[in-house]
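See below for the structure under consideration.
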Amino acid sequence: MKLEYDLDTYLKKIKNSSSYFHTFINKYSLAAGILVLKPGEEDTQTPHDSDEVYYIISGNGFLRIKDKDYKVSKDKLFFVAKDVEHFFHGNTKELKVLYFFGGPDS
């Protein structure tokens, strides 16, 4: 079982793909991945079946959770409960986010 992960590897995968995120751990009890949004790029995610935590690596913008916008910046952490509508928007710099699900990313 893999125990060490290099985020640069996954950032390169995103750069060379049509997707803006990559889940690199996807187990029954935990999923983890990285999300990269360029300025003006749309975050198309829908509510998830598990609770989620977002850690902002770099960038700016907002995270809308339900009907409220939260300002995102480096080193902030956000919790989003399962089945709650949310998405990133309004970033003027490239946004890099590490995410964790309390279950598999389905």
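The values are calculated or read from the model by the stated rules, or taken from the named source; none is laboratory data. Predicted model, so just to flag it, every value in this text is computed and none were measured. For neighbour counting, all protein chains shown are included, and Cβ atoms are generated from backbone atoms with ideal geometry for every residue, glycine included. Keep in mind that these areas ignore ligands, DNA and RNA; they rest on the heavy atoms of the full protein, side chains included. Shrake-Rupley method; radii C 1.70, N 1.55, O 1.52, S 1.80 Å.
Side notes on the structure shown:
- Computed FRET value (nearest 0.05) for PHE62 with ASP6, which takes r as the C-beta separation and R₀ as 41 Å: 0.90
- For region 48-106, the carbon plus sulfur part of the accessible surface works out to 53%, probe radius 1.4 Å.
- Using the 1.4 Å probe convention, the accessible area of the chain works out to 63 Å² per residue with neighbouring protein chains retained.
- In order through region 16-27: 3J(HN,Hα) via Karplus (6.51 cos²θ - 1.76 cosθ + 1.60), integer Hz, x for Gly, Pro: 9, 10, 8, 9, 9, 9, 8, 8, 9, 10, 9, 10
- All Cα pairs of region 37-84, percent lying beyond 19 Å: 24
- Partner lysines for LYS66 [C-alpha distance under 18 Å; skip if fewer than 8 residues away on the same chain]: LYS82
- Relative to the current alpha-carbon distance between ALA81 and TYR28, full extension at 0.36 nm per residue lengthens the span by 17.3 nm.
- Distance violations [Cα-Cα > 25 Å] among LYS71/LYS93; LYS68/LYS93; LYS27/LYS74; LYS12/LYS74: LYS27/LYS74
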